[in-house]
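To start, the structure under review is shown below, and the notes come after it.
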Amino acid sequence: MAYDKFNILTTSGVPLPIENVDTDQIIPARFLKATERKGFGDNLFRDWRYNSDDSPKKDFVLNNPKYSGRILVGGKNFGSGSSREHAAWAIYDYGFRCVVSSFFADIFRNNCLNIGVLPVQVSPEFLEKIFLAIEADPTTQIEVNLPEQTITILESGEHESFDINVYKKANMLNGFDDIDYLLNIKEQIQEFAANRPL
Amino acid sequence: MSTKRTLFDKVWDSHVVQHIENGPDVLFIDRHMVHEVTSPVAFLGIKNRGIKVMHPEKTFATADHNTPTINQHLPVQDPLSANQLKALEENANAHGISYWGLGHEKNGIVHVVGPEYGITLPGATIVCGDSHTSTHGAFGAIAFGIGTSEVEMVLATQCIMQTKPKSMRINIEGTLSKAVTPKDVALYIISQLTTSGATGYFVEYAGEVFRNMSMEGRMTVCNLSIEMGARGGMIAPDEKTFDYVKGREFAPKGDDWDKAMAFWKTLPTEDGAEFDKEVTFDAANIEPMITYGTNPGMGIGISNGIPDAESVEGGVATYKKSLQYMDFSEGDSMMGKKIDYVFLGSCTNGRIEDFRAFASIIKGRKKADNVTAWLVPGSHKVETAIKEEGILDILNEAGFELREPGCSACLAMNEDKIPAGKYAVSTSNRNFEGRQGPGARTLLASPLVAAAAAVTGKVTDPRELMEEILAG
């Protein structure tokens, strides 16, 4: 499914300074029963965000009106666990377009790239700087520049570059997905398949 | 650069349709398993593009994640689950894909039935929208979990775009001690490497311990590769592998078998091949394991105490949050902790060998009154073996009942949810917050440790009960 193009994103960030945030926290399994991709944002971080009677937990960051923005900033090893793309969908559907962390789980990172959420991996030191900047001023603006592959805390000018492979970068910039690419080389795939023994 | 190649290199390289400079490889997929939860949006995607499944004969569908484990002959009560199951059946029928739904004799957990019917083969590439697809690596296949967009890719083109991961070899030499099972080996490795220690890598397990392991045991180890962040894990195919595969329904036959065998025998890693990372452990250091926290890396030998926050890698705040969730304290002994539930099952430990191990401990004993036990076979084939081998009688005499196959309380998508605040000793794969139900507290362990807990009502070293058996 094609998605919005990603170029330069300038917004405030929502801090979640917890390590090993797994996909069961991002979206618990009991909310995976849809047959269409819609409405997942309502259940993003469901059990951290709501009590069992569905009242909001006041101390959770998404319920704190001080924090808003389209960048989610998480602790090390973000997105570990299950392969459920619903985790990335929930993040996108809630309104985030970018997740920043010092380390991402593999499948989660791929899922994000496939649906138009940009995973930005920064050094542990820079991650700490972002957390401190948001703590000092929740409206602090962060610029994620995909063409230049940089992330900048605008007020202080502190910045760092990040990696993304050339192919995925082009996809994100243009809103293309992998299936568009694969369908274009269909004949090559069919030829390969014809020679497979299994 | 060494010209010697690894098992992983050989399987990966033989499936590359196209290499994109500074980008991913286009990787051909031999076997695609689909289930009801992660496939509906992918089928919707190809419908919207107006295309059909390219290779329905390489795609296999089974219902497992949200299915009930009692009264499977009745309509599924939860309307959302019922709707997903209906969607899977309709999608499978529309595209000519084999569908093993509820009540079908071949139904079961996707990673249990794949090997049982010879869908899983050495040297193959196998994907499924489920992170425990790594299980199939036990046969020397490259098998890994994918997201729904990637499921759509495979349905549409039988290919996936992936950057080749780095390689890691984990060697364990020596002999395992009494009551140390493949599950303990895996939990030990994860506790040493942490829950993200193998992220970015594809793992090969090598050494005496894995060579001596049964195919079921190898599946348990490879299954848990994802819990240390690895995309997958694999073990070189050997005679044990070939004996397991031979004669199974979807395995090659006749000349095809001979050709396949000739290829499979070329697969093992060559001497001198280099890995990006290599770690070695000693089998003698592994004892029965149990987890105390909220990720699978938080495991200890069952006779040890819970580590201090300062002694573990990672943030102190995250560690303390985890212990608070579990209502445990640093320094606590795990032994003797009262438990409420026991879950035997899942793609990690829902095979016949796991039920044999469980039965060996509970035989002649009684289920503890304070324990609710859910024993869930991984498939109908496992269920049949449990009955034929007389294990069901042993279970029933000890006060246990057998449920019907499915993923069940491993991820609690169906009714099998551990209540908030309750403790479950579980043979599954994840102890994340709320994994087995909102507020549930999970202690991951082997079938032997689960059985010891089931008959004593608390965390108990299974070796104590095995000694009683020997003495008695």
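The values are calculated or read from the model by the stated rules, or taken from the named source; none is laboratory data. Here the structure is a predicted model, which is why all the values come from computation and not from measurement. Here the Cβ positions follow ideal geometry from the backbone for every residue, glycine too, while neighbour counts run over all protein chains shown. Accessible surface areas use protein heavy atoms only, side chains included; no ligands, DNA or RNA. Shrake-Rupley method; radii C 1.70, N 1.55, O 1.52, S 1.80 Å.
What to note about this one:
- Probe 1.4 Å, protein heavy atoms only - accessible area per residue of segment B:7-277 in square angstrom: 31
- Contact surface A-B: accessible area buried, both sides summed, square angstrom, 1.4 angstrom probe: 5100
- Taking a Cβ cut-off of under 13 Å around A:ASN174, the surrounding Lys, Arg, Asp and Glu residues balance to a net charge of -1, with basic ones at +1 and acidic ones at -1.
- Shape category assigned to segment B:270-360 from the gyration tensor of Cα positions, a/c cut at 1.5: oblate
- Our summary gives segment B:1-54 a relative contact order of 18 percent, counting only alpha carbon pairs under 8 angstrom and 6 or more residues apart.
- Anisotropy class of segment B:367-472 from Cα gyration tensor, a/c 1.5 cut: oblate
- Occluded residues from segment B:289-323, i.e. those whose accessible area drops by 40 Å² or more once the chain is not alone (1.4 Å probe): B:THR318, B:LYS321
- Between 0 and 90°, nearest 10: helix A:106-115 axis offset from chain A longest Cα axis: 80
- For A:SER82, the amide hydrogen comes within under 5 Å of the amide hydrogens of A:THR23, A:ASP24, counting only partners 5 or more places away or on other chains and with H modelled in the peptide plane.
- Fraction of antiparallel bridges per DSSP, segment B:289-471 only, in percent to nearest 5: 35
- Cα gyration tensor shape of segment B:7-277, rounded if a/c is under 1.5, else prolate or oblate by comparing a/b with b/c: prolate
- Label point 7 Å beyond Cα of B:PHE263 along Cβ direction - residues of segment A:174-198 with amide nitrogen under 18 Å: A:189-198
- Cβ-Cβ distance of B:GLU57 and A:ALA170, R₀ of 30 Å, FRET efficiency by 1/(1 + (r/R0)^6): the value works out to about 0.35.
- Farthest toward the positive end of the dipole of chain B, out of B:LEU102, B:VAL17, B:ALA186, is the Cα of B:LEU102, where the dipole comes from beta carbon charges about the Cα centre.
- Here segment A:135-167 and segment B:269-283 have alpha carbon centers that stand 39 Å from each other.
- Summary of the geometry: segment B:61-88 and segment B:215-229, compared by the centres of their Cα atoms, lie 27 Å apart.
- Averaged per residue, segment A:33-125 has 35 square angstrom of accessible surface, using a 1.4 angstrom probe with ligands and nucleic acids left out.
- Whole-number percent relative contact order across chain B, with pairs defined as alpha carbons under 8 Å at least 6 apart: 17
- Proximal charge balance of B:THR194 [Cβ under 14 Å; K/R count +1, D/E count -1]: -2
- When +1 charges are put on Lys and Arg Cβ atoms and -1 charges on Asp and Glu Cβ atoms, the dipole computed for segment B:289-471 relative to its Cα centre reaches about 260 debye.
- Listing of segment A:176-190 residues, each with accessible area lower by at least 40 Å² in the full protein assembly than in the chain alone (probe 1.4 Å): A:ASP178, A:ILE179, A:TYR181, A:LEU182, A:LEU183, A:GLN188, A:ILE189
- Solvent-accessible surface, computed for protein heavy atoms with a probe of 1.4 Å, shrinks by 40 Å² or more for the following residues of segment B:151-184 when the other protein chains are added to the isolated chain: B:MET153, B:THR157, B:MET161.
- Think of each Lys and Arg Cβ as +1 and each Asp and Glu Cβ as -1; about the Cα centre, that makes the dipole of segment B:226-349 roughly 520 debye.
- Of all DSSP-defined beta bridges confined to segment A:8-194, some 50% are antiparallel rather than parallel.
- Fraction of beta bridges assigned by DSSP in chain B that are antiparallel (%, nearest 5): 25
- Highest-fluctuation residue, A:GLU36, A:GLU128, A:GLU158 considered, GNM on chain A with Cα pairs under 10 Å: A:GLU36
- On the basis of the beta-carbon distance and an R0 of 56 Å, A:ASP180 and A:LYS66 show a calculated FRET efficiency of 0.85.
- Within chain B, helices built from complete DSSP H runs that reach 18 Å or longer along their own axis (Cα positions) and carry a mean Kyte-Doolittle hydropathy of -1.0 or higher are B:79-95.
- With kT/(6 pi eta Rh) evaluated at 20 °C and eta = 1.002 mPa s, and Rh the Kirkwood radius from Cα pairs, segment A:8-194 diffuses with a coefficient of 123 µm²/s according to Stokes-Einstein.
- For trypsin sites (Lys or Arg not before Pro), the sites in segment B:317-386 that DSSP calls loop and that have at most 16 other Cβ atoms within 10 Å are B:LYS363, B:LYS366.
- Taking only the C-alpha atoms of segment B:289-471, Rg followed by Dmax gives 15.9, 51 Å.
- Mean sequence separation of contacting Cα pairs (under 8 Å, at least six apart), scaled by the length of segment B:390-472, corresponds to a relative contact order of 19 percent.
- Distance between the C-alpha centres of segment B:331-359 and segment A:10-43: 30 Å, rounded to the whole angstrom.
- Extending 7 Å from Cα along the Cβ direction at B:THR280 and again at A:GLU155 yields two label points whose distance is 5.3 nm.
- Within chain B: Cβ-based charge dipole about Cα centre, in debye rounded to nearest 20 (Lys, Arg +1; Asp, Glu -1): 520
- Normalised by 2.2 N^0.38 Å, where N is the number of residues, the C-alpha radius of gyration of chain B stands at 0.94.
- Within chain A, longest stretch free of exposed trypsin sites (Lys or Arg not before Pro) [DSSP loop, at most 16 other beta carbons within 10 Å]: A:67-198
- Share of carbon and sulfur in the accessible heavy-atom surface of the protein assembly as shown [1.4 Å probe, %]: 48
- Extending 7 Å from Cα along the Cβ direction at B:GLN324 and again at A:GLU191 yields two label points whose distance is 6.1 nm.
- Summed side-chain charge close to A:GLY157 - residues other than A:GLY157 whose Cβ falls under 12 Å, Lys, Arg +1, Asp, Glu -1: -3
- Above 41 Å, the calculated P(r) of the protein assembly as shown contains 23 percent of its Cα-Cα pairs.
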